[in-house]
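Asks: This is the structure, below, for whatever I ask next.
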Amino acid sequence: ELDACLDALEGRFVPPGPSGAPSRGQAGILPTGRNFYSVDPHQIPTPAAWRVGQRLADALLERYLREEGRYPASIGIVLKTKNYSNAEDILRDADIAMYRAKSIGKVQYKVFNKKMHAQATAFLQLESELREAVNSGGLTLHYQPILALSGQRLSGFEALVRWDHPRRGMISPV
């Protein structure tokens, strides 16, 4: 399977079969680059679907290059497993992996793992709770003195927002 994965990353055809394709011949989806996917309702990979996916990827990359002036740099990869029952979940996880790749720098790729999904879900939950705290007045303002090192005298104040989370306790701005 590793050889098939490397072939796919280099844009070569990956034959279908129980161990010959990352999708194991079950999912009708072919990732073709950053935010680009080809979906074949007749199940892929087949040589014809691969050629169609290649042409779609080439067209999308040409358009991206024409509009953005550069090639996309971040790629999220999902290896098909029995855990997926629909294309939406595969696309969601590829998107999570792509954004993880973007977060570590340019010209990166990341292969999705379950930990990424748990982290993304936890982040979205925390973001939702923070929005609720902002809307309901759950943030408090604290003032911290700023001391001048020379003479140890008060030179000002710094305003800091604190969030007393119901389960996590006090959350600092860091």
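Asks: Taking R0 as 45 Å, what's the FRET efficiency between Q108 and L141 from their Cβ-Cβ distance, rounded to 0.05? Working shown, then result.
Replies: Details: r = 39 Å, r/R0 = 0.86.
So the FRET efficiency works out to roughly 0.70.
Asks: Taking R0 as 41 Å, what FRET efficiency do you get between A73 and R131 from their Cβ-Cβ distance, rounded to the nearest 0.05? Intermediate results must be reported in sequence, preceding the final value.
Replies: Working: r = 30 Å, r/R0 = 0.74.
So, using R0 = 41 Å, E works out to roughly 0.85.
Asks: Work out how much length L149 to A48 would gain on full extension: take 0.36 nm times their residue separation and subtract the Cα-Cα distance, in nm to one decimal. The partial results should precede the final answer.
Replies: On the way: separation 101, 0.36 × 101 = 36.36 nm, distance 7.21 nm.
Additional length available on full extension: 29.2 nm.
Asks: Taking the full set of protein chains and a 1.4 angstrom probe, give the accessible area of M170 in square angstrom, rounded to the nearest 10.
Replies: Spelled out: M170, probe radius 1.4 Å, area about 110 Å².
Asks: If you add up the charges near E132, with Lys and Arg at +1 and Asp and Glu at -1, over every other residue whose beta carbon is less than 14 angstrom from its beta carbon, what do you get? Kindly include the intermediate steps, with their values, before the conclusion.
Replies: Working: positive: R131, R167, R168; negative: E127, E129, D164.
Summing Lys/Arg as +1 and Asp/Glu as -1 gives 0.
Asks: Within 13 Å, Cβ to Cβ, of Q119, how many net charges do the neighbouring residues add up to if Lys/Arg are +1 and Asp/Glu are -1? Working shown, then result.
Replies: Working: positive: R100, K110, K114, K115; negative: D93, E127.
The answer is +2.
Asks: Continuing with the same structure: Not counting ligands, DNA or RNA, and with a 1.4 Å probe, what is E127's accessible surface area in Å² rounded to the nearest 10?
Replies: Taking all protein chains as shown, E127 has close to 70 Å².
The values are calculated or read from the model by the stated rules, or taken from the named source; none is laboratory data. Computed from a prediction, not measured in an experiment: that's the story for all the values here. A quick note on method: Cβ atoms are made from the backbone with ideal geometry, for glycine too, and the neighbour counts reach across all protein chains shown. Just the protein is used for accessible areas: all its heavy atoms, side chains included, with ligands, DNA and RNA removed. Shrake-Rupley method; radii C 1.70, N 1.55, O 1.52, S 1.80 Å.
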